[in-house]
1. Cβ contacts < 7 Å: first residue touching a residue at least 40 places away in the same chain (Cβ under 8 Å) and closer than 19 Å to Glu244 by Cα, restricted to the stretch 345-363; second residue among the hydrophobic types (A, V, I, L, M, F, W, C) and in a helix (DSSP H, G or I), any location; separation 6+ or different chain. Result?
2. Given the residues Asp220, Asp263, Asp225, which is the only one that is farther than 18 Å from Ile404 by Cα, among the acidic types (Asp, Glu) and within 22 Å of the chain's Cα centre (by Cα)?
3. From the list Leu219, Leu203, Leu144, which one is more than 16 Å from the ligand (Cβ to nearest atom), crowded, with 24+ Cβ neighbours inside 10 Å and at pLDDT 95 or above?
4. Can you pull out every residue in the stretch 113-135 that is more than 11 Å from Asn15 (Cα to Cα) and either part of a strand (DSSP E or B) or among the small types (Gly, Ala, Ser) (or both)?
5. If we keep just the residues of the stretch 175-197 that are more than 12 Å from Thr79 (Cβ to Cβ), within 13 Å of the ligand (Cβ to nearest atom) and aliphatic (A, V, I, L, M), which is surrounded by the most Cβ atoms within 10 Å (Cβ to Cβ)?
6. Against the condition over 23 Å from Gly436 (Cα atoms) and in contact with a helix residue (DSSP H, G or I) (Cβ under 9 Å, 6 or more places away or on another chain), how does Leu188 come out, does it pass?
Amino acid sequence: RAFLTNIEAANPVLNAYVEVTADKAIDMARASDARLQAGQGGVLEGAPLGIKDLFCTEGVQTAAGSNMLRGFVPPYESTVTANLWRDGAVMLGKLNMDEFAMGSSNETSAFGPVVNPWKSNSSNAELTPGGSSGGSASAVAADLCLAATASDTGGSIRQPAAFTGTVGIKPTYGRASRYGMVAFASSLDQAGPIARTVEDAALLLTSMCSFDPKDSTSLDIPTPDWSASVGRSVKGLRIGVPSEYVVDGMPDAIQKLWADGMDWLKDAGCEIVPISLPHTKYALPTYYIVAPAEASSNLARYDGMRFGHRAEGTASLTDLYESSRAEGFGNEVKRRLIIGAYVLSAGFYDAYYVRALKVRRRIAEDFDRVWDQVDAILTPSTPSAAFALGDKQIDPLQMYLNDIFTVTANLAGLPGISVPAGVDANGLPLGLQVIGKALDEATVFQVAGALE
Ligand code: GLN
């Protein structure tokens, strides 16, 4: 009830929730109380969560930030949310996001932008909470839920966490089931939590992950209890610092934050090891070929026939397809679909898509090569603090540059966390990222706990 009261007061300004499921929340909380009284509480018993609106929730609209899916009520539950309910969590509502998770500022949402509860102490401008999980990050930062689910295709958990002073982790590809999660780019998409502490993030991720035969890329391996790693000494761990992550125009505050992070870990007994990940400079162009290519294939299902928006009064089948898609999709989604169809087309497939896949392999091999020298990698989460709403909207390339530190972990399938680690001169939060070996979330949580 406290969170529902907070939502009522702040959501008209923040626009973090697209739907508040108050009655359902109270019902779930009562059922949770009953389980606790019967001595059967799960590990998340009674924890009130916000759910990013790309996780299918049975009987509750799942629109993925798009007019194409506005009004779509799934008849089934995503595996990730089902796992959370199994462990006793309570759903407060569905959280705003960039349309189909395409964006870095939550401004592509058909439900309007989300506002960051943080303000710069030198300007009154409304700031973005980042994207695509902007609703999740803003809601956690503003106390509109205890924690939230989110998804990360190229940084959409870690960048919003960094912009809002919260913790966000993307697990190793294949840890979290994609069943019931609206698809963007299937070889990159992973679910994860945004939370207030590293320990909360560990508890939530442990609950969210599971082997799922309904997702063909789900890993058939046990999920460890990651909360046991938080607070464990980092003494003796080797932390890699990649020289390629020093980029042009990176603000001093971010350079300093990174150096501070190295100092803190050194003080805690870690060894700082300079490393090279030479293909880093190709990560953004590679990502912005692979992700739109997969999106153009995934979003072909929105044809106006089976579910989602259907245009009225069309003259032919082709007209129905074209008009439904023209009306249902926003500009950023259309831009991605055009790029994706182009790089997959017969004349350009080898030059763009196949080449991008080869470079993707090189980027993954860069990481493979350093794992005998280091146990984890430390970088800034983003090249800037939260920017003003409207600032980068006109220039998609400017917007894409914001993902420079996060897309590599998706291309290589590695776990990555963003931890709040300080503020800039304007008092805005900044995040540090820890990237780990495949399946080694334990070390990621261990290092993140030491940075917190
Ligand atoms: N900002 C990136 C994009 O627009 C990543 C989004 C995401 O991780 N879902 O594609």
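1. Pairs that qualify, where the first residue is touching a residue at least 40 places away in the same chain (Cβ under 8 Å) and closer than 19 Å to Glu244 by Cα and the partner is among the hydrophobic types (A, V, I, L, M, F, W, C) and in a helix (DSSP H, G or I), are Arg360/Val290; Arg360/Leu411; Ile363/Ala283; Ile363/Leu411; Ile363/Ala412.
2. Numbers: Asp220 fails: within 22 Å of the chain's Cα centre (by Cα); Asp263 fails: within 22 Å of the chain's Cα centre (by Cα).
After applying the criteria, what remains is Asp225.
3. Numbers: Leu219 fails: crowded, with 24+ Cβ neighbours inside 10 Å; Leu203 fails: crowded, with 24+ Cβ neighbours inside 10 Å.
Matching residue, one of Leu219, Leu203, Leu144: Leu144.
4. Ser120, Ser122, Ser123, Ala125, Leu127, Gly130, Gly131, Ser132, Ser133 - these are the residues of the stretch 113-135 that are more than 11 Å from Asn15 (Cα to Cα) and either part of a strand (DSSP E or B) or among the small types (Gly, Ala, Ser) (or both).
5. Ile194
6. Details: over 23 Å from Gly436 (Cα atoms): no; in contact with a helix residue (DSSP H, G or I) (Cβ under 9 Å, 6 or more places away or on another chain): yes.
Taking the combined requirement at face value, the residue does not satisfy it.
Per-residue answers, yes or no, for (1) touching a Leu at 6+ places or on another chain (Cβ under 8 Å); (2) of a type in the set (Lys, Arg):
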residue	(1), (2)
Ser243	no, no
Ile254	yes, no
Ala259	no, no
Ala268	no, no
Val273	no, no
Ser276	no, no
Arg336	no, yes
Ala341	no, no
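Let's see how each residue does on (1) within 21 Å of the chain's Cα centre (by Cα); (2) at pLDDT below 95; (3) under 30 Å from Pro74 (Cβ atoms):
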{"residue": "Pro251", "(1), (2), (3)": "no, yes, no"}
{"residue": "Ala259", "(1), (2), (3)": "no, no, no"}
{"residue": "Ala283", "(1), (2), (3)": "yes, no, no"}
{"residue": "Gly308", "(1), (2), (3)": "no, yes, yes"}
{"residue": "Tyr321", "(1), (2), (3)": "no, no, yes"}
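The values are calculated or read from the model by the stated rules, or taken from the named source; none is laboratory data. Owing to the predicted nature of the structure, the values given are computational and were not obtained by experimental measurement. Here Cβ is always computed from backbone atoms with ideal geometry, including for glycine, and neighbour counts include all displayed protein chains.
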